[in-house]
Amino acid sequence: MSIAVSARPVSHPLKAPFRISRGVKTAAEVVEVIARVDGHVGRGESVPYARYGETVESVLAQLAPALAAEDVEAACFALPPGAARNALDLALWDLRARLTGVSVAQATGLPVPRDLVTAVTVSLDTPEAMGAAAQVVAEAPLIKIKLSADDPAARLRAVAAAAPNARFIVDPNEGWTFEILNDLKSLLADLPIALVEQPLPAGEDQALEGWDPPFTVCADESVHVGDDLAALSGRYGAVNLKLDKTGGLTEASAMLKAARALGFQVMTGCMVASSLGVAPALHLGGASDFADLDGPWWLAADHPGGLRVERGRIMPPKPGFWGDGADGEGLWL
């Protein structure tokens with residue numbers, strides 16, 4: 001079976017700036033991979049991430065030899081974990097489903113839930129602006145709060161006051177020191193915190209060894225693939241699986257099982273991406289303790305037929321969108 005594969009850059013403008021401690025973005029710059037066989041088309045999307053030295057151009061360059069390979073599936077497996085392998089891996093999963101009629105849910109044993117709670121994100125801003133943003137999404141059961149080292153307590157209090165019925169994921173994106181985290185311990189203990197996600201830089205998280213806070217600390221930048229998990233015991237109680245870090249659904253689904261076996265709670269996360277990049281993660285999200293999959297919610301315009309986020313809950317894409325074994329490319333071209 002000869003698979004014809006191509007890749008292209010796509011820019012999805014956002015409806016509002018998305019700010020974290022490392023910077024701000026106004027568009028989701030993604031790479032889309034298209035795999036074709038006998039009239040069947042599989043698609044995948046990834047988000048090159050500067051934190052890991054990736055750009056759209058570098059990911060396209062990394063993909064070029066794999067797309068030209070005689071055995072595309074073997075070439076995909078040989079790519080290192082990251083955005084390039086993710087986009088190709090997802091396109092191949094989608095293509096196999098369309099070729100065989102066996103859905104990704106059937107192949108993995110990970111069904112897509114019809115109704116999944118997702119964190120909705122309040123991006124980093126002034127305390128007043130973050131409070132106003134939280135008020136807009138106050139009906140959501142779970143809110144992610146992006147923070148930096150700049151007066152995090154004021155921002156936490158502003159969001160908590162605006163959304164009194166929500167639980168919170170606090171995410172400094174490696175932006176705190178251990179001293180900041182420890183100083184905030186009592187405030188965080190008083191709030192309905194679901195997770196504190198990657199508070200320290202990945203190379204400095206040894207400070208968490210043996211620390212026992214009254215909330216769960218979740219690894220994000222400190223964990224990429226299954227081989228990273230064992231070293232996190234004693235530092236983290238949860239891990240964030242992202243397809244762009246693991247290099248696709250193949251590694252991520254295996255990593256989900258490995259994380260469970262080691263006793264970690266699991267969150268499935270995403271980058272700011274379209275429904276094409278996030279729909280595959282719904283398979284993981286349904287089997288996780290937490291989902292943070294609101295990426296498409298930030299887009300000014302998503303693919304027709306894609307997933308929807310309403311009041312902090314995800315509704316899956318329409319049939320034929322991705323991975324269900326139906327040829328439905330007309331939904332969203």
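Computed from backbone phi with θ = phi - 60° and the Karplus coefficients 6.51, -1.76 and 1.60, the 3J(HN,Hα) list for region 63-79 is 6, 3, x, 5, 5, 8, 5, 5, 10, 5, 5, 5, 5, 4, 4, 7, 5 Hz; x is used for glycine and proline.
Counting only DSSP beta bridges with both residues in the chain, tell me the antiparallel percent, nearest 5. Of those bridges, close to 55 percent are antiparallel.
From its DSSP helices (H runs of at least four residues, each -39,500 (n - 2.57)), the chain gives a residue-normalised ellipticity at 222 nm of -8500 deg cm²/dmol.
Summed over the residues of the chain and divided among them, the accessible surface reaches 39 Å² per residue at a probe radius of 1.4 Å. The trypsin sites (Lys or Arg not before Pro) of region 79-175 meeting both criteria, a DSSP state outside H, G, I, E and B (loop) and at most 13 other C-beta atoms within 10 angstrom of the site's C-beta, are Arg114. Which of rounded, prolate or oblate describes region 8-142 when judged by the alpha-carbon gyration tensor and an a/c cut-off of 1.5? Oblate shape, in that a/c is at least 1.5 and b/c is the bigger or equal ratio.
Other residues whose C-beta falls under 11 angstrom from the C-beta of Tyr236 contribute a net charge of -4, scoring Lys and Arg +1 and Asp and Glu -1. Evaluating 6.51 cos²θ - 1.76 cosθ + 1.60 at θ = phi - 60° for every residue in region 176-190, the Karplus couplings come out as 10, 9, 5, 4, 4, 4, 5, 5, 8, 4, 6, 4, 4, 5, 7 Hz, glycine and proline recorded as x. Across region 288-304, coupling constants 3J(HN,Hα) worked out from phi with the 6.51/-1.76/1.60 Karplus curve, θ = phi - 60°, read 9, 6, 9, 10, 10, 10, 8, x, x, 4, 7, 7, 5, 8, 9, 5, x Hz, and Gly and Pro carry x.
Oblate is the label for region 103-216. Its Cα gyration tensor axes, ordered a ≥ b ≥ c, give a/c of at least 1.5 and b/c at or above a/b. Close amide-amide hydrogen proximity is noted between Leu299 and Lys15, each under 5 Å apart and 5 or more residues distant or on a separate chain (H modeled in the peptide plane; Pro and chain starts excluded). Available extension along the chain between Gln106 and Lys257 is 52.7 nm, counting 0.36 nm per residue and deducting the alpha carbon span. Which whole-angstrom value gives the distance between the alpha carbon centres of region 271-291 and region 136-171? Centre-to-centre (Cα) distance: 22 Å. The residue list Leu14, Tyr52, Ala35 was ranked by how far each Cα lies along the charge dipole of region 1-60 toward its positive end, using unit charges on Cβ atoms, and Leu14 comes out on top.
Each Lys and Arg contributes +1 and each Asp and Glu -1, all at the Cβ; summed about the Cα centre of region 1-88, the dipole is approximately 580 debye.
The values are calculated or read from the model by the stated rules, or taken from the named source; none is laboratory data. None of these values were measured; they are calculated from a predicted model. Glycine gets a Cβ as well: all are built from the backbone with ideal geometry, and neighbour counts include every protein chain shown. These area figures cover heavy atoms from the full protein model, side chains too; ligands, DNA and RNA do not enter into them. Shrake-Rupley method; radii C 1.70, N 1.55, O 1.52, S 1.80 Å.
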